[in-house]
Amino acid sequence: MSIEIKNISYTYMPKTAFEHQALKNVSFTIKEGEVTAIAGHTGSGKSTIVQHLNGLLHPSEGQVLVDGTDLNKKGSEAIKARQLVGMVFQYPEHQLFEETVEKDVGFGPRNLGVSEEETEKRVKEALDFVDIDYETYKDVSPFQLSGGQKRRVAIAGVLALKPKYLVLDEPTAGLDPRGREELLSRVWGLHKRKKATLIFVSHKMEDVARIADRLIVMNHGELMLDAPPKEAFLEEEILKNAGLTVPATVRLLTELKERGFAVDPAAFTMEEAARRIAKAVKERRRGTC
């Protein structure tokens with residue numbers, strides 16, 4: 001099954017002085033089990049796209065289909081389809097509002113009529129997954145937590161709904177390096193352990209390189225690139241025009257290649273880049289002997 005974006009366009013505040021076309025005839029399909037990154041400069045349309053994935057916005061033109069159901073239709077079938085897509089907004093800790101962690105994470109399931117027994121089970125599972133101890137924190141106010149903990153509790157609240165597709169809008173925004181690393185590891189673990197379908201918005205190409213199977217690049221409301229990261233990062237001009245930069249390792253290896261070193265630029269960690277540089281240096285020395 002999949003999420004299909006079919007030729008969608010979207011205009012904010014149409015027929016007013018503030019009319020702005022945010023999306024222009026965009027099409028792509030997100031397959032079940034994929035990790036898809038959507039990137040672009042501020043105003044590129046990336047956040048507008050993800051708000052279409054669970055029906056928060058409806059296209060001015062085109063269709064959004066979740067497992068074959070058009071989200072723009074009325075009725076129970078469309079409602080069920082929207083519930084398959086869980087949305088974690090940028091700075092999700094701003095979504096916290098209940099007096100305890102347990103109540104906040106359990107709010108969604110309770111609101112959907114899930115039994116107390118099942119809700120408690122979901123809350124425990126979701127908190128365990130984001131590495132928040134249930135017994136220690138269940139009665140604690142979420143507003144007493146650290147920034148990284150708040151972010152993880154907010155994500156747990158979405159996981160407790162058991163969405164089939166999980167959308168994260170700039171999930172590491174505002175986190176310190178340690179918090180960013182922890183969150184990325186948890187998100188990647190969710191995909192590996194549960195084969196979860198993840199869609200995340202990011203402008204950090206290092207994050208994309210680490211966990212994405214595919215990168216969609218937006219620029220001024222149009223889809224400019226749709227490819228695996230290893231291929232996408234070699235399209236430096238497209239990325240530059242979209243306000244993005246390739247990972248530092250790719251830039252370094254590309255420059256070395258231009259200077260005559262036999263090195264493949266598609267390395268996304270410092271460790272891999274170091275191995276490739278060492279190998280290229282050895283081969284160059286052999287060639288000069």
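State yes or no: is Glu170 farther than 18 Å from Gln51 by Cα and either of a type outside the set (Ser, Thr, Tyr) or in contact with an Asp or Glu (Cβ under 9 Å, 6 or more places away or on another chain) (or both)? Let's see the steps before the verdict.
Working: farther than 18 Å from Gln51 by Cα: no; either of a type outside the set (Ser, Thr, Tyr) or in contact with an Asp or Glu (Cβ under 9 Å, 6 or more places away or on another chain) (or both): yes.
Judged against the criteria, Glu170 is not a match.
Take region 246-289 and flag every residue that is outside any helix (DSSP H, G or I) and of a type in the set (Val, Ile, Thr).
Within region 246-289, Val246, Val263, Thr269 meet the criteria.
Quick one: Thr136 ticks every box in (1) of a type in the set (S, T, N, Q); (2) over 26 Å from Ile49 (Cβ atoms); (3) in contact (Cβ under 8 Å) with a residue 12 or more places away in the chain bar one, so which box is it?
Only one criterion in (1) of a type in the set (S, T, N, Q); (2) over 26 Å from Ile49 (Cβ atoms); (3) in contact (Cβ under 8 Å) with a residue 12 or more places away in the chain is unmet by Thr136, namely (3).
Tally time: how many residues in region 18-40 are surrounded by fewer than 16 Cβ atoms within 10 Å (Cβ to Cβ) and over 20 Å from Pro59 (Cα atoms)?
Restricting attention to region 18-40, the residues satisfying the condition of being surrounded by fewer than 16 Cβ atoms within 10 Å (Cβ to Cβ) are 18-21, 25, 27, 29, 31-33.
This time we only want the ones that are over 20 Å from Pro59 (Cα atoms), so: 31-33.
Total meeting the criteria: 3.
Out of curiosity, is Val88 in contact with a helix residue (DSSP H, G or I) (Cβ under 6 Å, 6 or more places away or on another chain), within 20 Å of Ser9 (Cβ to Cβ), in the same structural domain as Thr172 (by TED's automatic domain parsing) and touching a residue at least 40 places away in the same chain (Cβ under 8 Å)?
no
Applying the selection to region 250-274, what residues are within 22 Å of the chain's Cα centre (by Cα) and within 13 Å of Glu206 (Cβ to Cβ)?
Val250, Ala267, Phe268, Thr269
Could you list, in sequence order, the residues of region 171-204 that are under 22 Å from Pro229 (Cα atoms), part of a loop (DSSP other than H, G, I, E, B) and either over 15 Å from the mean Cα position of the chain (by Cα) or at pLDDT below 85 (or both)?
Correct list: Pro171, Thr172, Ala173, Lys195, Ala196, His203, Lys204.
Here is a yes/no grid of residues against (1) in contact with a Ser or Thr (Cβ under 6 Å, 6 or more places away or on another chain); (2) of a type outside the set (A, V, I, L, M):
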residue	(1), (2)
Glu231	no, yes
Leu234	no, no
Val250	no, no
Gly260	no, yes
Val263	no, no
Ala267	yes, no
Met270	no, no
Ala273	yes, no
Ala280	no, no
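Working only within region 1-27, note down all residues that are of a type in the set (Lys, Arg) and modelled with pLDDT of 95 or more. Steps first, please.
Filtering region 1-27 for residues of a type in the set (Lys, Arg) gives 6, 15, 24.
Answer for region 1-27, where residues must be of a type in the set (Lys, Arg) and modelled with pLDDT of 95 or more: Lys6, Lys24.
Mind counting the residues in region 208-257 that are touching a residue at least 60 places away in the same chain (Cβ under 8 Å) and among the aromatic types (Phe, Trp, Tyr)?
Summing the residues that are touching a residue at least 60 places away in the same chain (Cβ under 8 Å) and among the aromatic types (Phe, Trp, Tyr) in region 208-257 gives 0.
Kindly provide the set of residues from region 133-147 that are surrounded by fewer than 20 Cβ atoms within 10 Å (Cβ to Cβ) and within 24 Å of the chain's Cα centre (by Cα), ordered by number.
Hits for region 133-147 are Leu145, Ser146, Gly147.
Answer with yes or no whether Asn25 is touching a helix residue (DSSP H, G or I) at 6+ places or on another chain (Cβ under 7 Å) and touching a residue at least 60 places away in the same chain (Cβ under 8 Å).
No.
Give the residue that is surrounded by the fewest Cβ atoms within 10 Å (Cβ to Cβ), with candidates limited to residues of region 67-103 that are farther than 27 Å from Leu127 by Cα and of a type in the set (A, V, I, L, M, F, W, C).
Ala78
Give all pairs with beta carbons closer than 6 Å in which a residue from region 193-206 that is among the basic types (Lys, Arg) meets a residue that is surrounded by fewer than 18 Cβ atoms within 10 Å (Cβ to Cβ); count only pairs at least 6 apart in sequence or on separate chains.
Lys195/Gly33
The values are calculated or read from the model by the stated rules, or taken from the named source; none is laboratory data. Predicted, not measured: the structure shown is a model, and the values here were computed from it. All Cβ positions, even for glycine, are placed from backbone atoms using ideal geometry, and neighbour counts span all protein chains on display.
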